[in-house]
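See below for the structure under consideration.
The values are calculated or read from the model by the stated rules, or taken from the named source; none is laboratory data. Not measured: the values here are computed from a predicted model. Reconstructed Cβ throughout: ideal geometry from the backbone, glycine too, with neighbour counts over all protein chains shown. Just so you know, the surface numbers come from the protein's heavy atoms only, side chains and all, with ligands and any DNA or RNA stripped out. Shrake-Rupley method; radii C 1.70, N 1.55, O 1.52, S 1.80 Å.
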Amino acid sequence: MNAAPADQIRLLDLQAIDSKLDQLAHRRRSLPEHAEIDKVTADHTALKDLVIAAQAQHGDTTRELTKAEQDVEQVRARAARNQQRLDSGAVSSPKDLENLQHEIGSLAKRQGDLEEVVLEVMERLESAETRVSELTARLEHSTVVLTEAEGRRDAAFAEIDAEVEKVGREREAVAAVVPADLMKVYTKLRETQGGVGAARLYQRRCEGCRTEFSITELNSIKAEPADKVVRCENCSRILVRTADSGV
Ligand SMILES: [Zn+2]
């Protein structure tokens, strides 16, 4: 294949631009914020689950307290009724009186036990409340951390994207003047050769693969017409001869 030496040199400009674009894409992909956001998101999701579980626990304990308080109230009401009957003098049989007094005594004991239960549930409810508020605070904090990391990532994206747009415009201008057949080979090579399709011949080396040519090889490259598109024997990249190539 043939191409004017100036077009071959433009290919080096294009290569420099494409490498820059590749670097920008790599930077965009490997921002430290990505890993940070992944981690914070995982923490955030786990915290959300914990808050939901703690709220459910709180709900259950609240219902348990209501039930325990109702139990106390029931026993208390029954004891009050019995006390009323006793005070009214309606019960006269000594046997019935004894039974009634006995029951009032049992109910007092029962009420005391149930009040213990109420206290115990109240303590658990307090712990559940504390847990909900602690977890909620941690969730809020993690939301702030997440938002902040996303903000930094988006700012980095905006900066990189602006640079990509600017370099992309430079690329358009350079690509427009590279002959189509040369561009085709270059593009294909870029795909197969790690993003580098054209390399300068400099100080006896291919700058694509760093292979140093022998004098014989250099002489045969030198013998090629200037408009001949030379390929590196080692990496097959387009080898561009420039004024400082030393050939
Ligand atoms: Zn090479």
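Brief remarks follow.
- For region 26-159, the Stokes-Einstein estimate of translational diffusion at 4 °C and a viscosity of 1.567 mPa s comes to 66 µm²/s, using the Kirkwood hydrodynamic radius over alpha-carbon pairs.
- Relative contact order of the chain, pairs being alpha-carbon contacts under 8 Å that are 6 or more residues apart, as %: 32
- Inverting the pair-averaged 1/r between distinct Cα atoms of the chain gives 26.2 Å as its Kirkwood hydrodynamic radius.
- For region 128-143, 3J(HN,Hα) computed residue by residue from phi via the Karplus equation (6.51, -1.76, 1.60; θ = phi - 60°) reads 5, 5, 4, 5, 4, 6, 5, 5, 5, 5, 5, 5, 4, 4, 5, 4 Hz, glycine and proline entered as x.
- Spin-label model, Arg169 to Ala6: label points 7 Å out along the Cα-to-beta-carbon direction sit 2.4 nm apart.
- Note on region 135-216: Cα convex hull, mean projected area over all directions, 9.9 nm².
- Whole-angstrom gap from region 80-139 to region 45-60, using each part's C-alpha centre: 31
- If both residues of a DSSP beta bridge must be in the chain, then about 60% of such bridges are antiparallel.
- 25 °C / 0.890 mPa s Stokes-Einstein diffusion coefficient of region 1-87, Kirkwood radius on C-alpha pairs, µm²/s: 119
- Principal axis dimensions, largest first and in whole angstrom, of region 87-202 by Cα: 122, 28, 26
- Environment charge of Ala149, counting only residues whose C-beta is closer than 14 Å and scoring Lys/Arg +1, Asp/Glu -1: -4
- Cα-based reach from Lys228 at 24 Å (exclusive), listing lysines while leaving out same-chain residues under 8 positions away: Lys184, Lys188
- When Tyr186, Tyr202 are compared by accessible area at a 1.4 angstrom probe, the order from most to least is Tyr202, Tyr186.
- For Ala35 and Ala180, the FRET efficiency from 1/(1 + (r/R0)^6), where r spans their Cβ atoms and R0 equals 35 Å, is about 0.25.
- If you sort His44, His26, His102, His34 by accessible surface, 1.4 Å probe, largest first, the order is His102, His26, His34, His44.
- Under 25 Å from Lys95, Cα to Cα: lysines that are on another chain or at least 8 residues apart: Lys109
- Net +/- balance of residues flanking Val196 in space, Cβ distance below 15 Å, scoring K and R +1, D and E -1: +3
- Solvent-accessible heavy-atom area per residue, rounded to whole Å², over the chain at 1.4 Å: 61
- Distances between placed amide hydrogens fall under 5 Å for Thr242 paired with Leu201, all partners being 5 or more residues away or on another chain.
- For q = 0.19 Å⁻¹, Debye-computed log10 I/I(0) when each Cα of region 200-244 counts as one equal scatterer: -0.49
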